[in-house]
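The values are calculated or read from the model by the stated rules, or taken from the named source; none is laboratory data. Computed from a prediction, not measured in an experiment: that's the story for all the values here. Backbone-built Cβ (ideal geometry, glycine too); neighbour counts: all protein chains shown. The accessibility values were calculated without ligands, DNA or RNA, using every heavy atom of the protein model including side chains. Shrake-Rupley method; radii C 1.70, N 1.55, O 1.52, S 1.80 Å.
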Amino acid sequence: MGNTSSLLTQYDIEEVQQYCNHTFSQQEIVALYGRFCQLDRNGGGFVSADEFMSLPEFAVNPLSKRLLRMVNGLNFKEFVGFLSNFSPRASLQQKIEFIFKIYDVDCHGRVTFDNMLDIMRDLTGQYISEQQRQQVLTLVLEDAGYTKDSSLVLSDFMKILGNSGLKMEVEIPVD
Amino acid sequence: MGCVNGALNCNNVSNNSSSRSRVETVSPAKNKSSRISHNLSLSSILTNNNPVQQPSSTSKMNTRDLKSSSELDLDRPNPEDYLPTGSIPEPHPKLRLSDLLDISLALTEAAGAIVDDSFTRCFKSNPPEPWNWNVYLFPLWCCGVVIRYGILFPVRVLVLTIGWIIFLSCYIPVHFLLKGNEKLRKKLERCLVELICSFFVASWTGVVKYHGPRPSRRPHQVFVANHTSMIDFIILEQMTAFAVIMQKHPGWVGLLQSTILESVGCIWFNRTESKDREIVAKKLRAHVQGADNNPLLIFPEGTCVNNHYTVMFKKGAFELGCTVCPIAIKYNKIFVDAFWNSRKQSFSMHLLQLMTSWAVVCDVWYLEPQTLRPGETPIEFAERVRDIIAARAGLKKVPWDGYLKYSRPSPKFTERK
């Protein structure tokens with residue numbers, strides 16, 4: 001990590017910091033650059049899906065495929081932008097917006113019953129049947145005042161998750 | 001579940017008893033995924049002492065979790081509890097939409113893995129910090145380089161060449177002429193192999209300190225050690241002629257393997273062939289039965305690790321029904337980093353690096369022989385021995401299979417998460 005920071009100038013660091021709305025300190029950005037270079041083994045300037053999947057901890061995560069779609073082929077600036085959603089300095093709103101984007105794969109601005117079912121399936125796998133999953137989701141939706149056919153928008157998500165004490169933070173190891 | 005991510009507390013393992021009991025009963029066809037599943041059940045056993053729980057107590061625990069911070073297992077709430085099946089006696093708070101939608105835990109884990117993962121850390125080679133940045137330090141360093149490359153290196157090459165000449169001139173006659181007299185031939189070959197290894201160690205100015213009782217030649221015992229580089233084998237072989245099990249390498253190393261090392265009884269395997277495992281297991285078993293064979297040395301990690309961590313041990317060595325004698329090896333990085341990063345350099349380059357540095361300093365501890373305790377599975381046994389070796393050599397343990405360097409984790413592992 002020591003020799004990679006020499007390729008990153010002060011201007012670059014500030015530009016990246018600006019891009020991620022100051023959610024990371026300059027030290028953290030330097031540390032992330034070291035990590036980015038470590039992940040980007042063929043030196044292409046971006047980390048490919050293959051390189052992400054070579055991290056076993058990432059590969060066994062049930063949501064890895066969805067994240068891969070978002071994180072594949074990002075250059076360093078976008079990489080930091082992606083991770084800025086996990087910074088302790090990021091607002092709750094930003095995090096909920098990120099979660100919304102994970103659900104809303106088609107980028108329609110709406111999360112449908114099927115979207116939610118897909119994520120449930122990723123997380124629970126074969127341990128409950130499809131029918132049970134649908135039942136649970138329908139019941140829970142109705143409980144919260146929605147129906148099976150309603151699609152949720154960002155403001156709904158804000159309302160639902162806003163008070164749940166959401167914590168989504170990752171600490172960047174700084175040498 | 002791998003619980004090494006510093007951001008999460010190890011004790012918050014999924015307490016879905018239904019999933020865990022299914023882990024115990026599912027027996028995948030592939031040996032590798034069974035190993036991973038064993039490792040998984042092992043880490044769950046290590047972190048949580050109640051592997052199988054009654055469903056009712058799980059739902060109780062689950063509800064407690066639902067009430068407490070969302071850092072716990074909320075992305076896997078147990079929907080079975082919520083279904084109106086009528087079989088769950090206890091009442092519990094309702095599953096809310098926020099709980100169902102909150103996938104922050106899985107996302108945090110994934111992002112944590114992107115930022116820093118324990119597996120990559122195992123194979124990171126940390127070169128010693130350069131110290132030659134100063135006006136007076138730089139010329140000193142230059143002198144050092146001149147001495148190392150100009151004087152030490154040729155001397156070492158000379159020493160090594162002399163060693164090889166002596167070795168070959170004794171070995172070839174012994175090998176061919178004493179074909180009748182097996183016992184004497186084996187004894188002489190053993191001594192000669194020990195000799196050439198000493199020459200090797202001298203050629204890098206190896207300063208090796210051995211602690212503990214020297215290995216004895218008894219049947220039904222197996223030696224296991226942590227693995228940092230191929231030179232581990234040479235360092236150990238210098239003291240006692242072991243029969244080692246190694247990956248077949250190409251090039252001049254392979255040549256050495258097939259000729260000289262064959263005589264000490266070494267066994268080869270090929271990582272890429274899956275059927276190979278049974279054949280090798282049979283060979284191992286046959287070897288330990290033979291009283292006259294050299295003691296068997298196995299590196300259960302299966303791959304070179306950077307001497308700060310240990311990866312999961314493969315259970316093969318621990319299933320042979322023998323006493324296992326652990327050996328811990330720790331290199332001192334003061335002059336050179338002995339970790340062979342097989343992705344970055346070939347073995348020849350690695351040797352060259354060693355021969356042009358001041359010295360290779362390491363400690364070898366021969367530890368107390370261990371046997372399988374009653375009621376202990378081979379995997380638990382392997383973990384126990386790994387604990388002993390890691391404690392002695394000051395290494396950190398990591399719950400990943402070393403072979404993940406070459407392939408992806410099986411999807412079954414993801415399913416279990």
Projecting each Cα onto the charge dipole of the stretch A:10-86 (Lys/Arg +1, Asp/Glu -1 at the beta carbon, about the Cα centre), which of A:N85, A:V16, A:L32 comes out farthest on the positive side?
A:N85
Inverting the mean 1/r over all pairs of different Cα atoms, compute the Kirkwood radius of the stretch A:1-149 and quote it in Å.
17.6
Using r as the Cβ-Cβ distance of B:L255 and B:H220, and R0 as 25 Å, what FRET efficiency do you calculate, to the nearest 0.05?
0.20
Taking the stretch B:272-347, the equivalent ellipsoid from its C-alpha gyration tensor has semi-axes in Å, biggest first, of 28, 16, 12
Using Cα pairs under 8 angstrom and six or more residues apart, how large is the relative contact order of the stretch A:10-86, in percent?
32
Spin-label pair B:Q345/A:N72, simplified geometry with 7 Å Cα→Cβ offset, distance in nm:
3.7
Inter-chain shielding metric for A:62-69, i.e. average beta-carbon neighbours from other chains within 10 angstrom, reads 5
Ordered by number, the GluC sites (Glu not before Pro) in the stretch B:246-299 that occupy a DSSP loop and have at most 12 other Cβ atoms within 10 Å are B:E273
Assigning unit charges at the beta carbon (Lys, Arg +1; Asp, Glu -1) and nothing else, what dipole magnitude in debye, to the nearest 20, does the stretch A:10-86 show about its Cα centre?
320
Can you tell me the accessible area per residue over the stretch A:10-86, all protein chains present, probe 1.4 angstrom, in square angstrom?
41
Can I get the semi-axes of the stretch A:92-161's equivalent ellipsoid? Compute them from the C-alpha gyration tensor as square roots of 5 times the eigenvalues, in angstrom, largest first.
20, 14, 11
Can you give the FRET efficiency to the nearest 0.05 for B:Y149 and B:L195, using r as the Cβ-Cβ distance and R₀ = 30 Å?
0.65
With a 1.4 Å probe and all protein chains left in place, how much of the accessible area of the stretch B:154-250 comes from carbon and sulfur atoms, in whole percent?
72
When only C-alpha pairs under 8 Å and at least 6 residues apart count, what is the relative contact order of the stretch A:92-161, in percent?
42
Roll a 1.4 Å probe over the protein chains and send me the accessible area per residue for the stretch A:92-161 in Å².
48
With a 1.4 angstrom probe the carbon and sulfur portion of accessible area for the stretch A:10-86, in percent, totals 48
Averaged over the residues of A:128-140, the number of partner chain Cβ atoms within 10 Å of each residue's own Cβ comes to 3
Probe of 1.4 angstrom, ligands and nucleic acids ignored: what's the accessible area per residue over the stretch B:332-373, in square angstrom?
48
Scan the stretch B:299-376 for chymotrypsin sites (Phe, Trp or Tyr not before Pro) in coil per DSSP, keeping those whose Cβ has at most 11 other Cβ atoms within 10 Å, and list them by number.
none
Which is the longest part of chain A that has none of the trypsin sites (Lys or Arg not before Pro) sitting in a DSSP loop with at most 14 other Cβ atoms within 10 Å?
A:90-147
For peptide A:158-169, how many partner chain Cβ atoms fall within 10 Å of a residue's Cβ, on average?
5
Contour minus end-to-end for B:A391 and B:K248, with contour as 0.36 nm per residue of separation and end-to-end as the Cα-Cα distance?
48.4 nm
Which pairs break 26 Å Cα to Cα here: B:K187/B:K315; B:K330/B:K397; B:K283/B:K315?
B:K187/B:K315
